[in-house]
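Right, one structure below, let's go through it.
The values are calculated or read from the model by the stated rules, or taken from the named source; none is laboratory data. In this text the structure is predicted, and so the values were computed from the model without any measurement. Please note: Cβ atoms are built from the backbone with ideal geometry, for glycine as well, and neighbour counts cover all protein chains shown. All accessible areas refer to the heavy atoms of the entire protein, side chains included, with ligands and DNA or RNA removed. Shrake-Rupley method; radii C 1.70, N 1.55, O 1.52, S 1.80 Å.
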Amino acid sequence: MSTNNIWTHKGTFLLAAVGSAVGLGNLWRFPYLAGENGGGAFLLVYIVTLCIVGVPILIAEILLGRSSRRSPIMGMRFLSRTHKASRAWESIGWLSAAAALIILSFYSVIAGWALHYTWRMLTGALIDADAATVASGFESLLASPSLLTLYHTLFIAASGLIVGLGVHRGIENALRLMMPALLVILLVILTYSVMHGDMPAAADFLLTLQLSDLSFEGWLAAMGQSFFTLSLGMGALMAYGAYMPGKASLSRTALAIVIIDTAVALIAGLAIFALVFGAELDPAEGPGLMFTTLPLAFTEMPGGSLIGAVFFVLVIGAAISSAISMIEPVAAFLVERFDLSRAQSVAIMTIACWGLGLLSVFSFNVWASDSPFHTALSISAFELMELLTHILMPLGGLMVALFAGWALTHGEIMKELQTSEGWLHTWRFLVRFVSPAAVAFIFLRAIPQIEGYLIPLIGAVVIVGAFAASRLFRAKHQPKH
Ligand code: TRP
């Protein structure tokens, strides 16, 4: 059964895709990764990767969604059948569902921290706090399984509720309300940081190119980040693409998504670093940048508590608009495949993510030093979840690129892209060769952490990939009817 949902307006797909792309990745991850990896040099690699990997795969993913008009799993089943390709390509759908489940489980836990900070800022709990107090506040949040579970539950329930209300009544309405509000908040924060922070220092830090600052690790982090921030390899854009009206231009929309997403990351980065430098704090704080350094900067500035609260509302809103796009593809699959009601499907996905999220919750406290995961893999549950996404997302993206590049016919691509021959050929070349090769590098990122068992894992991946590809090419050479 194909879906008969289509976005109400031509622009809604862009709104939804930007909602998915802009999230913790832009506000939390981009600034701290840039901070750790030398600012400008990181930005350069990030933008180059966006162009040669991000944009082509983004187009490929939306294209697969729109041409199948189904949820990712059913869509890939449909496309591999109609293109006489191996059913192994259906694994794109399964991989993306697994990635969405895993990432949402810990995404929700982190977004929950922002709930805590909104509350703390609003109640003025951090007024006049010093560095040690702010840092210990974050530590005691992490040490409390019940608080973390509470916020995680609230966040995931709110996201599930929106998706449960349906594509039009829930997702569209929520986005139409939230996205403009988030833009206004972002501009308020930017203005505030120009007035009270040290913007020249931030611009100098983020935009000055010092190639020597960039390590190999930073380079890989920039590539991984470009995947994460565009929500690639998780079926989100495929699911949203399935609701995109046939006429809207795909390449132009994809370009708009990338430009807006990057602009938001840059604005957030500039604002955050301006505040951090204004308060004479260290930009290279890692994941704690948003939750320890930034709150401290706010406490030192006029009206900081209020603006701080507003900032964390922005974080929550951006995270919710991303979370709904992780629930949607899996929920839509359950509806299509098992004929469940939307409410039932969303409940299944949400509860599964919630349960899995508890592993991350416990990894910060109960299992902080000793867990079943530590014993077996020598990393925490949270790290394991992160690691899995760094494997699943690129793998999904790689297969999306290969399928769109090799299996679809010229005519089909032309119909979807509605563009010049020149761009079509460039895009095809990128998704056939350049993006897959670059994605293979992103994979390497995971190696230092799990050397031991990564080797059979990569081996298995390569074998499955080669098998799938050979079946595909064999199929392509059969006569077409
Ligand atoms: N792009 C989101 C962000 O920047 C995170 C994300 C990664 C995501 N993959 C996704 C969101 C898939 C939705 C669906 O925060």
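So, counting K/R as plus one and D/E as minus one, what does the shell of residues with Cβ under 13 Å around GLY246 add up to?
The answer is +3.
According to a simple spin-label model (label point 7 Å from Cα along Cα-to-Cβ), what is the distance in nm between ALA263 and TRP119?
Between TRP119 and ALA263, the label points sit 3.5 nm apart.
Helix-only mean residue ellipticity at 222 nm, the chain, DSSP H runs n ≥ 4 weighted -39,500 (n - 2.57), per residue, nearest 500. What is it?
-24000 deg cm²/dmol
Where the centre of each part is set by its Cα atoms, how far does segment 102-162 sit from segment 325-367, in angstrom?
20 Å
Hey, any idea what % of segment 3-477's accessible area is carbon plus sulfur with a 1.4 Å probe?
Within segment 3-477, the accessible surface is 69 percent carbon and sulfur.
Order LEU27, LEU115 by their accessible area, 1.4 angstrom probe, all chains in place, largest first.
Values: LEU27 5, LEU115 45 Å².
These residues rank, largest area first, as LEU115, LEU27.
Report, in whole Å, the centroid distance computed from the Cα atoms of segment 1-66 and segment 209-285.
6 Å
Write down, largest first, the equivalent ellipsoid semi-axes of the chain in whole Å, where each equals the square root of 5 times an eigenvalue of the alpha-carbon gyration tensor.
Value: 36, 24, 23 Å, ordered largest first.
Could you tell me the calculated FRET efficiency between ALA256 and LEU44, based on Cβ-Cβ distance and R0 = 22 angstrom, to the nearest 0.05?
Calculated value: 0.50.
Report the residues of segment 19-40 in range of a label on ASP213: point 7 Å along Cα→C-beta, backbone N strictly under 15 Å from it.
Under cut-off, by backbone N: 30-40.
Given labels modelled 7 Å from the Cα in the Cβ direction, how far is it in nm from THR153 to PHE338?
2.4 nm
Given a 1.4 Å probe, how much area per residue of the chain is accessible, in Å²?
That works out to 38 Å² per residue.
With a 1.4 Å probe and all protein chains kept in place, how much accessible area does ASP128 have, in Å² rounded to the nearest 10?
For ASP128, the solvent-accessible surface is approximately 130 Å².
Pull out the extension gain between ALA203 and GLU412, defined as 0.36 nm times the separation in residues minus the alpha carbon to alpha carbon distance; nm, one decimal.
Roughly 70.8 nm would be gained on extension.
Can you list the residues of segment 312-348 with backbone N under 19 Å from a point 7 Å past the Cα of MET195, pointing along Cα to Cβ?
312-314
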